[in-house]
Amino acid sequence: MRRGFVRHNALSLFFGALFLLSLAGQSVAGWLQFNDRQVAEHLDAVPWAGYVSSSDFAVDVAENWQSEFLQFWVYLMATVWLLQKGSPESKELDKAGRESDEDQKIGRFAEPGSPAWAKVGGWRTRLYSSSLAAVMGAIFLMSWFVQSVAGWAAFNEERLQQLRDPLAWSEYLRAADFWARTLQNWQSEFLAVGTLAVLAIYLRQRGSPQSKPVGEPHDSTGVEG
Amino acid sequence: MTRRARWAALAGAGCALVLAGCAGAQDDAALSAARQLLAAARDSDGTAACALLAPATRSELEQTSGRPCERAILEEDLGQGGDPEEGAEEGRVEVFDSMAQAVVGRDRVFLSRFDGRWLVVAAACTPVADRPYDCSIAMP
């Protein structure tokens, strides 16, 4: 029973464990880096618990979260309409758009095992039809907001160390620090996802559903291995 | 995915709450330390004033003046904008994590937390356009 649960949920368990280990590592490395700067500024070192509840830690976490969830939200929405010939990340070339109810198995085309809100029709089926993007988009906006608040506090802490007046939150939203943190993450996410979509036209990873089968022709589109 | 999303939402809200809660609790202590410094300077109590300085700020003041802190600090332009203890200059403070800036009368005081206690890192500051304040009491 337990072995079956682990095997059937290995992907989410694996990434959940990687996430927690990485976050723990980030908290320790970030704490040591923060205290190194404090010593250089003749200021007091903080305990680990103080660092993980600080705006410095919060902004470093949130700025990466927002960009990851933005990446998935943009990818979900872009792949509804945009195609890439030869890529397993793209749909087949005649399927751009939201597709028919029959293709999507909703309403009267629902199957016995379809989710209840896919069968019922009306606003619930419309809502459920966009639920994944809605949740991803909401987490993106919330993480970006947390980044803006935590980044504002961390930025002002640095300004006070430099004997400068702090900025208001609305001023921070126009400051270079906010946009440098934001855009440095966005560019890397868009590069990575675009690279996967293009390289997967010509390159293969045997056994992965993110790749085409090894022997699949380069111009086959929407075929997953 | 749903469980992951819920966890992320809770963590995000937690971050915001932690930030808001910590800042509010620290305001009074930081402003009080700044007002105590200015009151001590006004009362010519150099010992009390120097006890409120951060270690590096205190030693920098002694080095640049060539005198003990208790004497040197009384020659600085501090606490001349009114009597903060009588409520004429209540002052205001902004706290961001381990740093704070208190404005009392015409005095602007920068503070940092040392072992849970707010100490003054810079004072007797004059504004310089588009640059950091020029503070005659400051860190090296």
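The values are calculated or read from the model by the stated rules, or taken from the named source; none is laboratory data. It should be emphasised that the depicted structure is a prediction, and the values quoted were computed from it without experimental measurement. In this analysis, Cβ positions are derived from the backbone assuming ideal geometry, glycine residues included, and neighbour counts consider all displayed protein chains.
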For region A:139-164, give me each residue that is more than 8 Å from every other protein chain (Cβ to nearest Cβ) and either over 24 Å from B:SER98 (Cβ atoms) or modelled with pLDDT under 95 (or both). A:PHE140, A:LEU141, A:TRP144
Criterion first (within 14 Å of another protein chain (Cβ to nearest Cβ), more than 30 Å from B:PRO140 (Cα to Cα) and of a type in the set (A, V, I, L, M)) does A:LEU76 satisfy it? yes
Need a quick list: helices (runs of 4 or more DSSP H) entirely within region A:116-167 having at least 1 residues that are in contact (Cβ under 8 Å) with a residue 40 or more places away in the chain. A:131-161
Could you list, in sequence order, the residues of region B:38-59 that are closer than 22 Å to A:GLU41 by Cα, buried (at least 19 other Cβ atoms within 10 Å of the Cβ) and touching a residue at least 60 places away in the same chain (Cβ under 8 Å)? B:LEU52, B:LEU53, B:ALA54, B:THR57
Give A:GLU189, A:GLU224, A:GLU171 a once-over and let me know the one that is surrounded by fewer than 14 Cβ atoms within 10 Å (Cβ to Cβ) and in a helix (DSSP H, G or I). A:GLU171
Against the conditions (1) surrounded by fewer than 18 Cβ atoms within 10 Å (Cβ to Cβ); (2) in contact with a helix residue (DSSP H, G or I) (Cβ under 6 Å, 6 or more places away or on another chain); (3) at positive phi, where does A:LYS105 fall short? Just the number, please. (2)
Residue list for region A:7-19, restricted to those being surrounded by 10 or more Cβ atoms within 10 Å (Cβ to Cβ) and under 28 Å from A:VAL61 (Cα atoms): A:ASN9, A:ALA10, A:SER12, A:LEU13, A:PHE14, A:PHE15, A:GLY16, A:ALA17, A:LEU18, A:PHE19
